[in-house]
Amino acid sequence: MLNLSIKKLVFATCVASLFASCDKKNDAPEPETEGNFQYVIVATPEGSTSEGADYLLQTGSLTEGSITTVGAGLEQDGYRYFVFHKNKAFSLLYGQGNPGAVTTYALDENGVLKYFSNLQTETVQVFGTYGDELILMKCPRQGDANAGIYRVDAVNPQILSTSYVDVVQLAGNGERAHFSGVFQVDNKIYAPYFCVKGVAGQVFHSDYTDSTWVAVFSYPDMNLEKVIKDDRTSYIGYYFAQRGLTQVEDGDVYAFSTATTGDAASGVVASTKPSAAVRIKKGTSEFDRNYFFNIQEKSGGYHLDRAFYLSGTKFLLTMYPDKTVAPIYGSNTLKFAIVDVVAQSFTWVTGMPEPEQLVHVSRLPYVEEDGTSVAFGITVADEYPHVYTIDVATAKATKGLEVISGCITSIGKLTF
């Protein structure tokens, strides 16, 4: 169900790392700022792509100029991943078997990025937002069957509540439910999941790769209300993707299935279904049997990797050839496309480096608030990483900001 490259994503990909301590400061001069916003660039130092301490940098432009990790930025230590919400950058520690943490940054009155707070948590594998909160989920792969769900105040960071769901009981088929994301839909929490055996040597194997499930939780008490099911494609999203389901502006919900290719070497069975999008109509809690967007067919045989919501009914997709296993974000297989899920149109993005040139692609791009552009950190061989900004209207990418570093892992935007 889950190929080895994805299974290793949390441990091998350059996502973002840890801010080690609250009093670890940067000795470099504070950056000059203009306007009332700054972009936050998370990047590894030069010579490091998948390991090493990351730095939080800031800049006023993604389309021009150059910044560096040398003598600049807020140094981190450890493995972290990022959420930008309520005008803050939340850095979540992946502590593996140890406790996690949520470290928060914000811009001060002068537009300089500063440490804001630190909160001790469990290590979580799933994270999303609801209103003024972060929703975090700890998903046990083996042993304990209780997945923890944590509501965290994003304005004044603190844990508001903790609840649990039995993942063996939720799966109901002898395997374990493993969540792939958590999303606000109206006043509910929608959490798609896939099933895993969770036994030694077959932790991420499954006999159920041709099924789709979304668990619906009440808010704020986080009680499981129902499971929405479909059999026309595979599960929504995948391990650690945090993407896969979105409620768009008209209230409909679109969910994206990668339809895993499997991995013969590990024994992970491939889905027989295509990569596709399915829909839950506004005001309903079932999949719309009259809607099915076969993305794999529309793309000429490519598999879906991730789907990033833009605006209206448009999404930016990352795609990879079906002859490969699903990529780590350092692999040279990704292509970019823009789709309209209502028109079921599919347009390849031009102006990006060719897939074989790619060394690394940021897992967390920045989507402009009005959905007119989306910016990825791209690393190609023999060059420093650059930010490529995709104009949604023309589906054309333009090379912009240079970041003298090893790779760009995440991009966000804060105001002051």
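Quick notes on this one:
- Strands (runs of 3 or more DSSP E) contained entirely in the range 56-101, each with at least 3 residues that are more than 20 Å from TYR388 (Cα to Cα), open to solvent by less than 20 Å² (accessible area, probe 1.4 Å) and modelled with pLDDT of 85 or more: 88-93
- Residue check for GLU122: at pLDDT below 95, in contact with a strand residue (DSSP E or B) (Cβ under 6 Å, 6 or more places away or on another chain) and surrounded by 14 or more Cβ atoms within 10 Å (Cβ to Cβ): yes
- When GLN184, GLN169 are checked against the criterion of being in contact (Cβ under 8 Å) with a residue 12 or more places away in the chain and within 19 Å of GLY128 (Cα to Cα), a single residue qualifies: GLN184.
- Residues satisfying the stated conditions in the range 267-281, i.e. assigned to a strand (DSSP E or B) and touching a Ser or Thr at 6+ places or on another chain (Cβ under 8 Å): VAL268, ALA276, ALA277, VAL278
- Per-region count, the range 341-393, residues modelled with pLDDT under 95 and part of a loop (DSSP other than H, G, I, E, B): 4
- Among (1) modelled with pLDDT under 95; (2) on the phi > 0 side of the Ramachandran plot - the single one GLY172 does not satisfy: (1)
- Test result for THR415, farther than 23 Å from GLU249 by Cα, touching a strand residue (DSSP E or B) at 6+ places or on another chain (Cβ under 6 Å) and not basic (Lys, Arg): yes
The rows are residues; the columns are (1) more than 30 Å from VAL278 (Cα to Cα); (2) surrounded by 15 or more Cβ atoms within 10 Å (Cβ to Cβ).
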{"position": "ASN332", "(1), (2)": "no, yes"}
{"position": "ASP340", "(1), (2)": "no, yes"}
{"position": "VAL367", "(1), (2)": "no, yes"}
{"position": "GLY377", "(1), (2)": "no, yes"}
{"position": "ALA381", "(1), (2)": "yes, no"}
{"position": "ALA395", "(1), (2)": "no, yes"}
{"position": "THR398", "(1), (2)": "yes, yes"}
{"position": "SER405", "(1), (2)": "yes, yes"}
{"position": "LYS413", "(1), (2)": "yes, yes"}
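- Evaluation of VAL152 against the conditions (1) open to solvent by 20 Å² or more (accessible area, probe 1.4 Å); (2) in a strand (DSSP E or B); (3) β-branched (Val, Ile, Thr) shows that the sole unmet condition is (1).
- Every residue from the range 345-365 that is open to solvent by less than 30 Å² (accessible area, probe 1.4 Å) and charged (D, E, K, R): ARG363
- Within the set TYR235, TYR219, TYR254, the sole residue that is among the aromatic types (Phe, Trp, Tyr), open to solvent by 40 Å² or more (accessible area, probe 1.4 Å) and in contact (Cβ under 8 Å) with a residue 24 or more places away in the chain turns out to be TYR219.
- Pairs are defined by a Cβ separation below 6 Å, a sequence spacing of at least 6 or placement on different chains, a first member in the range 134-157 that is under 15 Å from LYS88 (Cβ atoms), and a second member that is part of a loop (DSSP other than H, G, I, E, B) and not hydrophobic (A, V, I, L, M, F, W, C); the pairs so defined are ALA154/LYS86; ALA154/ASP132; VAL155/LYS86; VAL155/ASP132.
- Of the residues making up the range 179-189, those that are assigned to a strand (DSSP E or B) and either open to solvent by less than 10 Å² (accessible area, probe 1.4 Å) or within 15 Å of ARG141 (Cβ to Cβ) (or both) are PHE179, VAL185, ILE189.
- Condition met for THR284 (within 26 Å of MET137 (Cα to Cα), at pLDDT 95 or above and not in a loop (DSSP other than H, G, I, E, B)): no
- Residue within the range 251-266 that is assigned to a loop (DSSP other than H, G, I, E, B), at pLDDT 95 or above and more than 18 Å from the chain's Cα centre (by Cα) present: yes
- Only one of ARG176, ARG141 that is more than 19 Å from ARG243 (Cβ to Cβ) and crowded, with 21+ Cβ neighbours inside 10 Å: ARG176
The values are calculated or read from the model by the stated rules, or taken from the named source; none is laboratory data. Here the structure is a predicted model, which means the values were calculated and not measured. All Cβ positions, glycine included, derive from the backbone under ideal geometry; neighbour counts span all protein chains shown. We work out accessible area using only protein heavy atoms, side chains counted, and drop any ligands, DNA or RNA first. Shrake-Rupley method; radii C 1.70, N 1.55, O 1.52, S 1.80 Å.
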